[in-house]
There are 4 protein chains.
Amino acid sequence: MRVGVIGYGYWGPNLARNFADHEGSTVSAVADRSPERREAAKRRYPWIAIHEDASALIADPNVDAVAIATPVASHFEVALEAIQNGKHLLIEKPMTTSTERALRLIQEAKSRKLVLMVDHTFVYTGAVRKIHELISEGHLGQIYYYDSVRVNLGLFQSDINVVWDLAVHDLSIIDRVMPNRPTAVAAHAVSHVSGHPENLGYVTLYFADNQVAHLHVNWLAPVKVRTTLIGGRDRMILYDDIEPSEKVKVYDRGAVGAGDRYEMLVKYRYGDMWAPQLDTTEALHFEIAHFIDCVRNGTHPITDGQSGLRVVKILETANHSIRDRGRVVEIDWPELV
Amino acid sequence: MRVGVIGYGYWGPNLARNFADHEGSTVSAVADRSPERREAAKRRYPWIAIHEDASALIADPNVDAVAIATPVASHFEVALEAIQNGKHLLIEKPMTTSTERALRLIQEAKSRKLVLMVDHTFVYTGAVRKIHELISEGHLGQIYYYDSVRVNLGLFQSDINVVWDLAVHDLSIIDRVMPNRPTAVAAHAVSHVSGHPENLGYVTLYFADNQVAHLHVNWLAPVKVRTTLIGGRDRMILYDDIEPSEKVKVYDRGAVGAGDRYEMLVKYRYGDMWAPQLDTTEALHFEIAHFIDCVRNGTHPITDGQSGLRVVKILETANHSIRDRGRVVEIDWPELV
Amino acid sequence: MRVGVIGYGYWGPNLARNFADHEGSTVSAVADRSPERREAAKRRYPWIAIHEDASALIADPNVDAVAIATPVASHFEVALEAIQNGKHLLIEKPMTTSTERALRLIQEAKSRKLVLMVDHTFVYTGAVRKIHELISEGHLGQIYYYDSVRVNLGLFQSDINVVWDLAVHDLSIIDRVMPNRPTAVAAHAVSHVSGHPENLGYVTLYFADNQVAHLHVNWLAPVKVRTTLIGGRDRMILYDDIEPSEKVKVYDRGAVGAGDRYEMLVKYRYGDMWAPQLDTTEALHFEIAHFIDCVRNGTHPITDGQSGLRVVKILETANHSIRDRGRVVEIDWPELV
Amino acid sequence: MRVGVIGYGYWGPNLARNFADHEGSTVSAVADRSPERREAAKRRYPWIAIHEDASALIADPNVDAVAIATPVASHFEVALEAIQNGKHLLIEKPMTTSTERALRLIQEAKSRKLVLMVDHTFVYTGAVRKIHELISEGHLGQIYYYDSVRVNLGLFQSDINVVWDLAVHDLSIIDRVMPNRPTAVAAHAVSHVSGHPENLGYVTLYFADNQVAHLHVNWLAPVKVRTTLIGGRDRMILYDDIEPSEKVKVYDRGAVGAGDRYEMLVKYRYGDMWAPQLDTTEALHFEIAHFIDCVRNGTHPITDGQSGLRVVKILETANHSIRDRGRVVEIDWPELV
């Protein structure tokens, strides 16, 4: 499979390196508007085609699949052209700037029987794969909450706010591991640097049965934190992505026997903690193997267009809530999803 | 100063021990409705008066001041009686179940020139005293946000929800260290144990100038977390109350020079971290010395009735917001405060 | 059981409190040479006998058992007198200043059928009890090494060096959990504060079969560290006594299949980590219940005089090695042990 | 500067990448005996010369400098040939298997005025550069001790023991930051995997004035630890290389005023902790810039041949001590050093 990479800024080089290293694929072309980035790609892969224009890459008959790592605003246009030229597609997250556009891409890819996969990288990490396994096999029992803190001092984006930049990771994980879809969103976000998008955000997702998810994202925190708590009736998970080795800890703890009608005392169960050994394969390597398998064997992508669309739908609804001062906004799920 | 302690459950013994150990005070009486607790007090202080009834203790002429550590529902009645009997008062947090009642206590104590102090213990810790000093001396510059996580597997209360139980600590700290008062509150809270108060809550406080505070409180978390981030324009604080020695870390980091109109790039400043040595005196010992000083010398309490009232006002407003599904509710500050 | 506590300095109050709180015992007397300490004991236990002189306490017919928490230099004399007066004995660690004296105490207690127990407190912690269980049930397989770091900025002793002060804890744990006794000791220690005992020490214990134990003890470290690694062929333990909740972690890791004669490659096994829930009872409470059981029911103490003697023997041998510049010194185990 | 890299196993690719990326150098050739590794080098740098034999690379006139990353046993032979062919040299640590050979290389390079630099990478990290600065500027006062733990579950070597593999890092750091050279060594090491070199070692270095250094190295530990304590009279350092951001912490703590002749009490000073922001440049990038500067401008290398020799001398002496069961062995420093 010959892959063309469009966008060679922060993430594109990782995509290119993984496609180049994988035995099932090669990088045959790179496109980027910046001369410096094209120069960087040329130094690293002197033998491949380097384009200024995405359209030229898309038109290249030596390209079977396209990976799009441009700013989100251009995803739709580039992706649509790639699909219409018969290319399979791996597209950065968030998939598009609107659900409408995401739906259009899904339909176009479907009608041409092309693979459309969204690069929700975290879904392919050993940690999230293990969490998905634990939840789907019922080890946590009924899920009570999902709480994530994703903060650091970092990379203000000029075109999207911190929710679209950072919460997108958690939303893609939630989309994978939570048994239900959220029904409503409330979000608060503020900007502390004049003229820039919101750099601090809190997003609450409502589900059926009192299940709740909450995300804290922040570009102006003094330290890097990547901590997720998942509370279930039977067990609870602490997922710390900064931890070098024991990223996922499973606690056999909880509340038990809330007492009878007369003695409303809640008691606690304190059991062992267990940190399963995780697959340490680079997530992108694992993901690209899956993408190749989807193209070759017709396997359905785990992070398909619909998952991309669902994440965009929640981001869109969060933006509505932010503009409405944190009001709870119901998610109007489109039929296709 | 002879002190009577009303309520000898979880916190009362700590109050009694500290009043007993302090050279400026003695414990002269304890009251509790439970025979087991009265027995425990008798074993520990065989020589003092032990009462079943709070009123008997309050009537005791050998009691100069009363410390109230009963459930919050009874604070008002007991406190009012104590004030009306001319006793100085140290009262557990939250001060009362309503601002109306808090206001009444303030007025009664004021008219009798009695000390009314609320036991916002955290305010007297070495950590919070240092944070107050750093902020009030301007080391952080303009404050952007205050973000706290206070979760553990613990002690469900049957009469109050997790916001009243845990967020009260953060609200008392915020009341002390933040330069302004919040103007509005949005709060989400859910109960996962049928028939019990909410065990998981998220509270957002709005201030002027895009300042925001956010509290995450949870009785059903697998691990104990006590982490606060305070972001300022010039410096930021990480306050981790679990850390045995370096609880307060000050980071000389932030966003700088947000670029001109054409180059909207935010840059970052990465400077040193500094962990000031903190006073390790037990907070309650420090607080009780302050209480004795207030009674003896007419010093005004740091955590006076107004501070107790302000915290209750925010808790009350948070409850309104919870009942209204997280809607932002303006805080209607009473005139006195 | 009526207990007299001799020595009311740092540790004595803890012994007194635990004997007072336990339903199977009472504190009936305290002795200390210091008027301030006697005053402190009187404030806390106004109803008991307070002596200046240990002999007066020992002569008291209202004392069934004696707990000795004086400096180590006086242990022998006080203990001998107590035994000769028919008192059961709980004696602080290190048991004595020499093996000769330890042997004498053991023989005297034996001939009078009195309980002689050494207060190796760590042996009674939930953590060490769990480690003992794991090792004795074979979960670690053959033991390779025991490595401990026990350092802090703290309490220089004037009469004993850091090895006798801190390594005694590790030696008591090793005596409990390691399947064999060490055969030789090498120890290095230096003093950095003129006129004071050694404040930094490294002790290596040799066992049969290439088993080794190593202790790093230090009174002049900037931070407190209490970390022990125990390596076994099948599993390994990380025991961190500073950790608030997960003190003992068991790793299913190791070297496997060291390859054949031609391919001398060592491979590794990376399995899960598991942190068993530990009994959080205060160690001294657990230990005192055991002491009472020994006195009442003739149970043999886990930390009997022989264990105290073995620890003193290793400390003695370590001092020989230190004086001989770290030379490996064989341990000449006495016959009784 | 055109660089040839000999040895393309674990470390060689890092050397090649850094020489390729640096604007002052290019990679012009790679040599390795393994066909797979030659293939890997070819895939990555299709345009350069790939040799099976080191001699062919050394003979190449398009090579100005040679970086040697082969197993230590071959360092001497390859390095000597390179020097004799007029190539500047960057050589992996440990420099050679004996001081004799190290001396010979130093003399050969000196007589030909060639740069001979040893790749003591850690010396060029932001952390060690900061520690060197702090110590050399006197911030710690008189140094008391250097204590390092460097353990993990890892890469058994078949040709050298754990001391030569891991302690070499600490010895290179000690050579850089400690104000004096050690005068004697005592080392204990054991093998737990039959037929393999020692996998667990303890090395004690003696200096003048009661200064001591101690290294714990272990290939069979369940977790990775990289912690160094450096105690000085005025300040102390905790250097944790696993910490993502605050690797170096400086504590303003110590023992003070050891009391007068009669009151031999040691008191303590507890001051602030300070974590200086470190240069996060990749150490190898910084080091290679220095190597290029040495070749071009005649700057003397920080980690010159003598530093390589000193480290080998200590390793050699440690091996003597291990074979003599931990006896303290004086270091017989050669005159040149």
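Points to keep in mind about this one:
- Here the relative contact order of the stretch B:186-248, from alpha carbon pairs under 8 Å that lie six or more residues apart, stands at 19 percent.
- Nitroxide proxy distance, nm - points 7 Å out along Cα→Cβ at C:ARG43 and D:ARG269: 3.2
- Placing pseudo-labels 7 Å out from each Cα toward the beta carbon at C:GLU335 and D:SER158 gives an inter-label distance of 5.3 nm.
- Unit charges on C-beta of K, R, D, E only; dipole of chain A, Debye: 80
- A point 7 Å from Cα along Cα→Cβ stands in for A:ARG325, and the other copies hold the same point at 1.8, 8.1, 8.3 nm, listed in rising order.
- 1.4 Å probe accessible area per residue over the protein assembly as shown, in Å²: 39
- Order of exposure, largest accessible area first, which applies to D:GLU36, A:GLU246, A:GLU282 with probe 1.4 Å: D:GLU36, A:GLU282, A:GLU246
- Three-way shape call for chain B based on the alpha-carbon gyration tensor, with the a/c threshold at 1.5: prolate
- Note, ³J(HN,Hα) from phi for the stretch D:152-167, Karplus 6.51, -1.76, 1.60, rounded to Hz, x at Gly and Pro: 5, 9, x, 3, 3, 9, 9, 9, 10, 8, 5, 5, 5, 7, 9, 5
- Taking the stretch A:205-337 and dividing mean pair separation by its residue count, relative contact order in percent (alpha carbons under 8 Å, at least six apart): 11
- Spin-label proximity, A:ALA59 to the stretch A:77-107 - amide N less than 17 Å from point 7 Å beyond Cα toward beta carbon: A:78-87
- Charge sum, other residues only, whose C-beta stays under 12 Å from B:ARG38's C-beta, Lys/Arg counted +1 and Asp/Glu -1: 0
- The rotation axis bringing chain A onto chain C passes closest to the chain A residue reported with its distance as A:TRP274, 3, by C-beta distance in whole Å.
- Applying both filters, DSSP loop and at most 16 other Cβ atoms within 10 Å, to the GluC sites (Glu not before Pro) of the stretch A:41-98 gives A:GLU52.
- If R0 is 41 Å, the Cβ-Cβ spacing of B:SER98 and B:ASN14 corresponds to a FRET efficiency of close to 0.95.
- Going from the chain on its own to the full set of protein chains, the stretch B:151-180 has these residues losing 20 Å² or more of accessible surface (heavy atoms, 1.4 Å probe, no ligands, DNA or RNA): B:LEU153, B:PHE156.
- Its relative contact order, with pairs defined as Cα atoms under 8 Å and 6+ residues apart, puts the stretch A:178-283 at 14 percent.
- Leaving ligands and nucleic acids aside, the D/B contact buries around 1100 square angstrom of accessible area in total at a 1.4 Å probe radius.
- Carbon and sulfur %, accessible surface of chain A computed with the full protein complex present, 1.4 Å: 48
- Label spacing, shortest first and in nm, from C:ASN297 to its equivalents in the remaining copies (7 angstrom along Cα→Cβ): 5.8, 6.2, 8.0
- Computed per residue of chain A from DSSP H runs no shorter than four, each worth -39500 (n - 2.57), the mean residue ellipticity at 222 nm is -9500 deg cm²/dmol.
- DSSP H segments from chain D that extend 20 Å or more along their own axis, Cα-based, with Kyte-Doolittle mean of 0.0 or above: D:283-297
- Charged-residue dipole, Cβ positions (Lys, Arg, Asp, Glu), the stretch C:125-240 about Cα centre, Debye nearest 20: 200
- Across peptide C:211-224, the mean count of Cβ atoms from other chains lying within 10 Å of each residue's own Cβ comes to 6.
- Counting only other chain Cβ atoms within 10 Å of each residue's Cβ, the peptide C:41-48 averages 1.
- Ascending distances from the C:GLY195 label point to its copies in the other chains, with the point 7 Å along the Cα-to-beta-carbon line: 6.1, 6.7, 7.1 nm.
- Other residues lying with their Cβ under 15 Å from the Cβ of A:TRP333 contribute a combined charge of -3, Lys and Arg counting +1, Asp and Glu -1.
- Distance in nm between pseudo-label sites at C:SER194 and D:ARG181 (7 Å out along the Cβ direction from Cα): 2.9
- Neighbour-limited loop hits for trypsin sites (Lys or Arg not before Pro), the stretch B:199-307 (at most 10 other Cβ within 10 Å; DSSP other than H, G, I, E, B): B:ARG261
The values are calculated or read from the model by the stated rules, or taken from the named source; none is laboratory data. These numbers come from a predicted model, not from an experiment. Please note: Cβ atoms are built from the backbone with ideal geometry, for glycine as well, and neighbour counts cover all protein chains shown. Keep in mind that these areas ignore ligands, DNA and RNA; they rest on the heavy atoms of the full protein, side chains included. Shrake-Rupley method; radii C 1.70, N 1.55, O 1.52, S 1.80 Å.
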